[in-house]
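Note sheet for the following structure.
Each reported figure results from applying straightforward, stated rules to the coordinates on display, with no laboratory input. Everything numeric in this text was worked out from a predicted model, so none of it was measured. Here the Cβ positions follow ideal geometry from the backbone for every residue, glycine too, while neighbour counts run over all protein chains shown.
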Amino acid sequence: AAGFVMVRTPSGLAFAPKTAEGETMSRESYEALPPDEQKRIDDGLQTLNEELQQIMRLVRQDERAGREAIRELDREVTTFAAKHLVDDVCERWRSVPEMVGYLEAVLADVVDNADEFKKSDDETPVTIMGIAVTGRQKGEGAFRKYKINVLVDNSGETGAPVVTESNPVLQNLVGRVEHQAQFGALLTDFSMIKPGALHKANGGFLVLEALELLTKPYSWDALKRTLKTGEIRVEDVAQQMGLATTATLDPEPIPFKAKIVLIGEPYIYYLLHAQDPDFKELFKVRADFDTEIQRTRRNERLYARFIAHVCRERDLAPFAPGGVARVIEHCSRLVEDQRKMTTRFVDVADLLTESTYWARLGRKPRAKVVVDGTDVQKAIDQRIYRSSQIEERVREMITDATLMVDTRGTVVGQVNGLSVLTIGDYMFGRPSRITATHRLGDGEVIDIEREVDMGGPIHSKGVLILAGYLGAKYAPDGPLSLTARLVFEQSYSGVDGDSASSAELYALISSLSGVPIQQRLAVTGSVNQRGQVQAIGGVNEKIEGYFAVCEATGLTGEQGVLIPKANVRNLMLSKAVRDAIAEGRFHVHPVTTIDEGITILTGVRAGSLGAKSTYPDDSINRLVVDRLAALAEKARESARKADKSDAPSPNPGVAP
């Protein structure tokens, strides 16, 4: 190696010739040498470079072996430091093979990436696209894969979880995979998997509102799929629609076992049972919850406790016994039954809140207030006042005679019928004039509302029943030779229901008998073909509506209402009506038959069939039978005249 020097080049170490002074020989000095000297130098360089390459190869092998030895030492040290910790956890979870496998994989990954655990936060930050990333941030990214994403933690529960989901969209039901924006791209990992209501309720109960569930796209199908497969699969709406084109996480399905409780109106159950073949297989237990309970002493005490509970929960004023009694009475009014109470507790809680407001109105903020019956009545009256604008306008039109309703006098073939109008959650009764006319005909009872398509099917059915009643009672063995017309006067909207059928029959009987009806009385109730007066709905609103009209036009002490006797148990009248009845200024007449009702309306006895199958003279029924007999005779006389006019003349040359 004499005459050569080792130099470092961009490609590594190499040898170069040197001058007598020990400096590296330049290219010009080398070219100035004789050829024999140049050849000697080239041969020497070739020999030295070959030896150098062999030496460097051995050095690299030693370095590789050293690094591998250091890496293996790190693995042994890391395994020694971490394995006993993992072994302890594996022993605890040995009954779950999946957990043991995961922990062993974590240990292997920690050993393979031991260098990440030795980095210091003091290292120089790395710059990515001009943004400095510190060692701590890099470590968080490296260690993120070791974190545990606990979807549901029920460690604090003492029993099976009960979960209620008010917004059962697909993501809230089966879970979702969230994404995070980084450097203009959406990234995700296992830690961004979020649970749904099904995960939270796994092993317990999930309560869903049926209507909300059915109106959310894909939620109903996802719930049925979970129940069929027994697995919760995290799904995305885009995947459901076939629009997902990017790769994303596909979490492993989770075994599912829980009870699903659907809450809703009965029609939803019947609709699903009829239209969805899977429904009856998946939801086999049905429970009907009544909106009414019996009004027993025990239930009244429970209702009082409920009132006290709501007052404490909402920071309301306590209720005095009179206030509790008035609330319970109103609960019976809501279901229109003296022997029952409503279980629509939301409405009751609202009434308690409003009653407390009126009790505290005008009092000092810290004054002790107790809600009594007058405060509850004030809240009820204010509810009615806020909703009764249309009712007041109708009553005003009746008072001004724009809508013609008589509350005095007598008229043949005319009666005051009672109906109920419903506007939102408010109902009120109003009287309507019903008139009836008749003439010679073929036994047809014509409902003018039906003829002009303003009558509903139930109302039309009630009118058709009248023809059956007339024929069976007054002409069982002969023709019913009349045509009768019935109409609700000044009715400009549709009419439905059969609660006015008894009033229509009274008007028709009055028209046939010629006996006037006292207009001071109003009528409600349906009727069957045997003349029995049947129960109807809205009896309180109807009575109160007619009472308000009579009060506006002037109470005479004779006005009143005829109701079916079966509706007596439904009477929960306002205090004003009850006081007027107690003082004899207004009357309620329960009736069971048409004969009872027509007697009260006309003041003339209806009459019963005697031994000779005839009605007493001057009775309503006798007058009707006589009128129908006269009409039948006129029909026969008209038929005889028609037969004579159609008969051929005995003398062909003489015109008949």
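Annotations for the structure displayed:
- Remark on segment 22-126: hydrodynamic radius 19.5 angstrom, per the Kirkwood mean of 1/r across alpha carbon pairs.
- Using θ = phi - 60° and Karplus 6.51 cos²θ - 1.76 cosθ + 1.60, couplings along segment 56-69 (whole Hz; Gly, Pro as x): 5, 5, 5, 5, 5, 5, 5, 5, 5, 5, x, 5, 5, 5
- Among 95, 574, 166, the ranking by other beta carbons within 10 Å of each residue's beta carbon, starting with the fewest, stands as 95, 166, 574.
- Percent antiparallel among DSSP beta bridges (both partners in the chain, rounded to 5): 60 percent
- Segment 513-554 residues near the modelled residue 604 label - backbone nitrogen below 11 Å, point 7 Å along Cα→Cβ: 513-517
- The amide H of residue 517, built 1.01 Å from its N in the peptide plane, has 411, 412, 413, 414 as neighbours under 5 Å, considering only residues 5 or more places off or on other chains.
- Net length gained if the chain between residue 147 and residue 284 were fully extended (0.36 nm per residue, minus Cα distance): 45.2 nm
- Whole-number percent relative contact order across segment 547-656, with pairs defined as alpha carbons under 8 Å at least 6 apart: 17 percent
- Value of [θ]222 nm, deg cm²/dmol, for the chain, DSSP H segments ≥ 4, -39500 (n - 2.57) each, nearest 500: -14500 deg cm²/dmol
- Kirkwood-Stokes translational diffusion coefficient of the chain, alpha-carbon pairs, 25 °C, 0.890 mPa s, µm²/s: 69 µm²/s
- Charge dipole of the chain (Cα centre as origin; +1 on each Lys and Arg Cβ, -1 on each Asp and Glu Cβ, all else neutral): 3720 debye, rounded to the nearest 20.
- Overall shape of segment 251-298 was characterised from the C-alpha gyration tensor. The equivalent ellipsoid obtained from it has semi-axes of 31, 17, 8 Å, in decreasing order.
- Cβ-derived FRET efficiency at R0 45 Å, residue 490 paired with residue 614, nearest 0.05: 0.65
- Taking Cα atoms only, the orientation of helix 321-335 departs from the longest principal axis of the chain by about 80 degrees.
- Burial ranking of peptide ranges 59-66, 560-567 (average Cβ count within 10 Å, highest at the top): 560-567, 59-66
- Proximity of backbone amide H atoms, modeled 1.01 Å from N, is registered between residue 4 and 18 at under 5 Å, excluding neighbours fewer than 5 places apart on the same chain.
- Helix 345-360 axis, angle to the chain major axis (alpha carbon atoms, nearest 10°): 80 degrees
- Ordering of 539-545, 168-174, 403-409 by burial proxy (mean other Cβ atoms within 10 Å per residue, highest first): 539-545, 168-174, 403-409
- At R0 = 51 Å, FRET efficiency that the Cβ-Cβ distance of residue 291 and residue 477 yields, to 0.05: 0.55
- Zone of residue 587's modelled label, taken as backbone nitrogen in segment 519-551 under 14 Å from a point 7 Å along Cα→Cβ: 519-523
- Of the GluC sites (Glu not before Pro) found in segment 5-51, the ones in coil according to DSSP and having at most 16 other Cβ atoms within 10 Å of their Cβ are 21, 23.
- Over 24 Å between alpha carbons, listed pairs 145/224; 83/257; 257/280; 147/228; 340/542; 147/257: 145/224; 83/257; 147/228; 147/257
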